[in-house]
Amino acid sequence: MRKIKAFILSYLILILLWLALTGWKGDELIIGSLSAVILAWVFSARLIIMAEFRLSPKSLWFSFVYIFVFLRELVMSAVDVARRVISPALPINPGIVKVRTRLKSKLGRIVLANSITLTPGTMTVESKGEYLYIHWIDIKGEDIETATKNIVNTFERYLEVIYG
């Protein structure tokens, strides 16, 4: 079942990309559809992790909203880091914190770790089971719950719906 879902998701992504680039012309649509089927069949076994993406209107909506949530966090983090660079008197308290994630999906954890790493001031160093180890430019709180609340919860709320 996961292979079929990975094939369908791969095909949909490829055909939508094809249609966005070429349009709805008859011959091109046939060629694009055949190409998408062949590529999805070849690569779906390698992209089995894509089967963890939930296909529902709610998850698609949350995926769209997640882009803006991520961009907001990205801008806020960039401004914070820029302030610290411009004003060296601002205190920093760098270190590695351990946070816990509720995400069960491997793909969801990967997206979470990458989202954290892409925001300035934080970088995912390691992932072990339900824990992520994150280098943080200014540690606020020493316990797992506080660090999780400050770093992970904003992203996790959306990723839970998208990936589980």
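No value in this document is a laboratory result; all are computed from the given coordinates. Worth saying up front: this structure is predicted, and the values here are computed from it rather than measured. Virtual Cβ from ideal backbone geometry, glycine too; neighbours counted across all protein chains shown.
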Neighbour-limited loop hits for GluC sites (Glu not before Pro), region 75-161 (at most 13 other Cβ within 10 Å; DSSP other than H, G, I, E, B): 130, 142
Between 0 and 90°, nearest 10: helix 153-163 axis offset from the chain longest Cα axis: 20 degrees
222 nm mean residue ellipticity, helices alone, for the chain (DSSP H n ≥ 4; -39,500 (n - 2.57); rounded to 500): -20500 deg cm²/dmol
Tally of Lys pairs whose C-alpha atoms are under 15 Å apart, taken over region 57-163, 8 or more apart or cross-chain: 6
Check: the chain dipole with +1 on Lys, Arg Cβ and -1 on Asp, Glu Cβ, in debye: 380 debye
Region 86-101 - phi-based ³J(HN,Hα) in whole Hz, Karplus 6.51/-1.76/1.60, Gly and Pro as x: 5, 10, x, 6, 5, x, 10, 9, x, x, 9, 10, 9, 10, 10, 10
Segments 24-36, 84-96 sorted - mean Cβ within 10 Å per residue, highest first: 24-36, 84-96
Kirkwood hydrodynamic radius over Cα pairs of the chain, then Stokes diffusion coefficient at 10 °C and 1.306 mPa s, in µm²/s: 88 µm²/s
